[in-house]
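What follows is a set of notes on a single structure, which appears directly below.
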Amino acid sequence: MVNTTGTLQFMGKPSIVSTGVIVGPMEKQSPFADSFDEILPLENEPNETYEQANTRFIEKACSVAVKKGHEKLENVDVFIGGDLINQLSPTNFAARQLSIPLLGVFSACASSMESIILGCLLLESGNAKSILAGASSHHPAVERQFRYPLEYGAQKPKTAQWTVTAAGFALLQKQAKNAPIISHATIGRVVDGKQKNALHMGAAMAPAARDTIERHLTNTNSKMADYDIIMTGDLGKIGLSILKEMFQDEDSGVILQDAGAQFYGEDSFFNAGASGAGCSAAVFFSHIYGQLKKGVFSRVLLVATGALLSPLTFQQGETIPCIAHAIECRMEKRG
């Protein structure tokens, strides 16, 4: 394994064997809906809290990923996951039910890619053979914690994004047949663009996305045109436009895209698009993964972005530090 200022090269060919993506009812409006494994009719069942529902989404996504990978839960060595709720409560409670050794992570909406990177490191070191990794978010639960309970009916500006209700997880193993491999990863650095508006997250996260993409390209001796797609996590429509301006000297074209900007299509109800730890996880582990499996894509760079604020730091008037973690996936030609 080679490490060059945060960029890792995985020689053991850690592979994404299978994935599981479970989403809520609003997410059926997504242009990616046909790629999701299941769209649940309710965000929470009767007598079930939003946080309990988030836990259930995680459990279902993990079960789907394991089943599709023809594996058994008891054979999974480590469960790596994260969410946005207090002290990772949904992930912790899901691990209680799954009964798999847990590594809980928090990089806000970048948690899915942090989970994948840690999973690859465990596989590369030979200390694990099978890993479940991913992240989740739940719209009503996240809104209640970071902004206002939905019952308040608070109005949002056009810069705001809609938190996705989704759980996306991947089953990782080494050198799996006919599966995309993760060749490289770049660990994000905390970048603070001095933004304070928690309802304009795209502007806050774009500098972190730029930093990670630039380092990844430099450290792998690559250029944007080498990829079928470079997809960021949840900058949303405004954040993506800011990122493209930052790369205006590059030939980014349609290569540079964003899961949050595309998640709900052009529906203006969702303002600047989507966000949440489940946003990038859902798109990366459904649509992008499917395109790799089909051979439509052969090399992609997936960059999940996260805003590392909390309700406390926001109330204290702090700026919003952000991070972006990236993985490079390749679909090798079948011999």
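Numbers below:
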{"read-out": "Boolean, residue 157 is closer than 16 Å to residue 322 by Cα and touching a residue at least 12 places away in the same chain (Cβ under 8 Å)", "value": "no"}
{"read-out": "Residues located in the range 266-282, provided they are out of contact with any helix residue (DSSP H, G or I) (no Cβ under 7 Å at 6 or more places or on another chain) and either in the same structural domain as residue 137 (by TED's automatic domain parsing) or of a type outside the set (Ser, Thr, Tyr) (or both)", "value": "266, 269, 270, 271, 278, 282"}
{"read-out": "Enumeration of residues in the range 199-231 that are of a type in the set (Gly, Ala, Ser) and either under 19 Å from residue 258 (Cα atoms) or assigned to a helix (DSSP H, G or I) (or both)", "value": "202, 203, 204, 206, 208, 209, 225"}
{"read-out": "Flag for residue 270 being under 21 Å from residue 114 (Cβ atoms), among the aromatic types (Phe, Trp, Tyr) and either surrounded by fewer than 24 Cβ atoms within 10 Å (Cβ to Cβ) or touching a residue at least 60 places away in the same chain (Cβ under 8 Å) (or both)", "value": "no"}
{"read-out": "Single condition residue 226 does not satisfy, out of (1) touching a residue at least 60 places away in the same chain (Cβ under 8 Å); (2) under 17 Å from residue 112 (Cα atoms)", "value": "(2)"}
{"read-out": "Residue match in the range 12-19 (condition: part of a helix (DSSP H, G or I), in contact (Cβ under 8 Å) with a residue 60 or more places away in the chain and within 25 Å of residue 274 (Cα to Cα))", "value": "no"}
{"read-out": "Number of positions in the range 164-200 that are more than 25 Å from residue 275 (Cβ to Cβ) and surrounded by fewer than 19 Cβ atoms within 10 Å (Cβ to Cβ)", "value": "4"}
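The values are calculated or read from the model by the stated rules, or taken from the named source; none is laboratory data. Because the structure is a prediction, the values reported are computed rather than measured. Heads up, the Cβs are rebuilt from the backbone with ideal geometry, glycines too, and the neighbour counts pull from every protein chain shown.
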